[in-house]
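> The structure under discussion is supplied below as structure tokens; questions concerning it will follow.
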Amino acid sequence: YFFFFNDTATTEIYTEQIVGSVRCVQETGIDYFQKLQYHEANMYFVPVSGLQGENLMKKPKVQELAWYKGPCLMDLVDKLEIPKRGLHKPTRLSVFSYHHATQGKLRGNVISGRVEGGAIIKGNKYKIMPNNIPCTVKEIMIDDSKEKEAIVGENPELVLHLDNEYDSHYIMPGDVLCSADLPIPTTDNIIVEIMTLESDIPLIKGMRVITYIGQQKQSARIVKIDRIFDKNTGEVIKKNPKCLIAGQHAVVEMKLDQPACAEILPNFNVYSRVTIREKYTILAIGVIIEIK
């Protein structure tokens, strides 16, 4: 979380305003992200000036930042722990887009996406789920350079050979290209552990909502609110409640209108995270704990 300022005024009053604003951002940010299950130890607040280039590459010298005693942005980035890549996991690529290219470096059935697990290798066979479309990767391009493979964390473009060209009509953003022998599970019924966010709209049994699982958008219905529990102790507060209001932790069962790709923790975080919306309001976030 970053706080930006782009003014070089040097008055004492203005400096006090900046310090007050930063403290407000920190308090508000920490409170908000803790509600989303983030740990305070993993949050960093760094005041920078993009316009003046202050506190980006080296510690600031301007009077407005004399109060700040922490590291500059790049020093902090250099100290961040590099996350472990899931090269050992089954191959998974979240599809961002699909088009049929007739000109340019890549021609044919082209998808773009992010490799979430394993590696995509030129010439290998894969499946696109949830519609179980078999395909072979003919070309791989990363940053305008043709490659033989794309590993986890990279965002390649792939040219695919489809066994049945009609299948191209069923490739959609949110689909998952995966190992032919270890495909991602698909389901239309999930059990989700959720946290309701600040909203005037309660979650009610039978309510229709929009869900996001990874990149997939689905209409769904809440078929059961199993229990409300204490997030710290896990103790059940109430079983089979009629509704959920803001700030509650609960376990709910959801029925999706169409089968979707899904995983349970800790297999793949990206395919186990769920966002629940009603029109433009985010009502809850959570993780899938069971696939039916």
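The values are calculated or read from the model by the stated rules, or taken from the named source; none is laboratory data. Note that the structure is predicted; figures quoted are calculated from it, not measured. Quick reminder, even Gly has a Cβ in these numbers, built from the backbone with ideal geometry, and neighbours come from all protein chains shown. What goes into the accessible areas is simple: the full protein's heavy atoms, side chains included, and nothing from ligands, DNA or RNA. Shrake-Rupley method; radii C 1.70, N 1.55, O 1.52, S 1.80 Å.
> Would you please give the FRET efficiency between residue 125 and residue 255, computed as 1/(1 + (r/R0)^6) with r the Cβ-Cβ distance and R0 = 30 Å, to the nearest 0.05?
Efficiency computed from Cβ-Cβ geometry: 0.40.
> Gain in length, residue 208 to residue 97, computed as 0.36 nm per residue apart minus the alpha-carbon separation, to one decimal in nm?
37.3 nm
> Considering only protein heavy atoms, what is the solvent-accessible area of residue 62 at a probe of 1.4 Å, reported in Å² to the nearest 10?
The accessible area of residue 62 comes to roughly 40 Å².
> Can you work out the PRE-style zone for residue 105? Point 7 Å along Cα to Cβ, and I want the residues of region 148-169 with backbone N under 12 Å.
In region 148-169, the label zone of residue 105 (backbone N under 12 Å from the point 7 Å along Cα→Cβ) covers 148, 156-158.
> Let me ask something else about it. Between residue 227 and residue 43, how high is the FRET efficiency from 1/(1 + (r/R0)^6) when r is the Cβ-Cβ distance and R₀ = 30 Å? Nearest 0.05.
0.50
> Report, in whole Å, the centroid distance computed from the Cα atoms of region 47-83 and region 222-292.
39
> Still on this structure, I have one more. Would you mind calculating the gained length between residue 281 and residue 82 on full extension (0.36 nm times residue separation, minus the Cα-Cα distance), in nm to one decimal?
Stretched fully, the residue 281-residue 82 segment lengthens by 68.3 nm.
> Another question, then. Run the dipole for region 204-271 about the Cα centre, Lys and Arg Cβ at +1, Asp and Glu Cβ at -1, nothing else charged, and hand back the magnitude in debye, nearest 20.
Rounded to the nearest 20 debye, it is 340 debye.
> Determine the shape class of the chain: with a ≥ b ≥ c the square roots of the Cα gyration tensor eigenvalues, call it rounded for a/c under 1.5, and otherwise prolate if a/b is greater than b/c, oblate otherwise.
It comes out oblate by the Cα gyration axes.
> Could you work out which residue, out of 42, 164, 109, moves most in a Gaussian network model of the chain, that is, has the largest mean-square fluctuation with Cα springs under 10 Å?
42
> Give, rounded to the nearest 20 debye, the magnitude of the charge dipole that region 44-167 has about its Cα centre when Lys and Arg contribute +1 at Cβ and Asp and Glu contribute -1 at Cβ.
Dipole about the Cα centre, nearest 20: 320 debye.
> Further question: Once ligands and nucleic acids are excluded and a 1.4 Å probe is used, how much of residue 129 is accessible, expressed in Å² to the nearest 10?
Result for residue 129: roughly 20 Å² accessible.
> Using a 1.4 angstrom probe with every protein chain in place, what is the largest-first accessible-area order of 196, 186?
Sorted by accessible area, descending: 186, 196.
> Let me ask something else about it. Using a 1.4 angstrom probe on the protein heavy atoms only, could you order 268, 96, 45 from most to least accessible area?
Descending order: 96, 45, 268.
> When we measure straight from the Cα of residue 146, which lysines land under 16 angstrom away, once same-chain ones fewer than 8 places off are left out?
Cα-Cα hits under 16 Å: 105, 122, 138.
> Once the piece of chain linking residue 75 and residue 56 is laid out straight, how much longer is it, given 0.36 nm per residue of separation minus the C-alpha distance between them?
6.0 nm is the gain from fully extending residue 75 to residue 56.
> Determine, from the Cβ-Cβ distance of residue 198 and residue 147 and an R0 of 45 Å, the FRET efficiency 1/(1 + (r/R0)^6), rounded to the nearest 0.05.
Calculated transfer efficiency: 0.50.
> Please list 3J(HN,Hα) in residue order for region 237-251, calculated via the Karplus relation 6.51 cos²θ - 1.76 cosθ + 1.60 where θ = phi - 60°; whole Hz, with x for glycine and proline.
With the stated coefficients, region 237-251 comes to 8, 7, 9, 6, x, 6, 7, 10, 10, 4, x, 9, 10, 8, 10 Hz.
> Moving on. Separation between the residue 172 and residue 269 pseudo-spin-labels, each 7 Å from Cα along Cα→Cβ, expressed in nm?
Using points 7 Å along Cα→Cβ, the separation is 2.7 nm.
> Taking K and R as +1 and D and E as -1, what net charge do the other residues with C-beta under 12 Å from the C-beta of residue 89 add up to?
Computed value for this residue: +1.
> Give me a comma-separated list of calculated 3J(HN,Hα) values for region 224-236, in order, Karplus coefficients 6.51, -1.76, 1.60 applied at θ = phi - 60°, integers in Hz, x for any Gly or Pro.
The phi angles translate into 7, 9, 6, 6, 9, 9, 7, 5, 7, 9, x, 5, 6 Hz.
> While we're here: Roughly how much of residue 263 is accessible, in Å² to the nearest 10, using a 1.4 Å probe?
About 10 Å², rounded to the nearest 10.
> For 170, 44, what's the largest-to-smallest order of accessible area, 1.4 Å probe?
Sorted by accessible area, descending: 170, 44.
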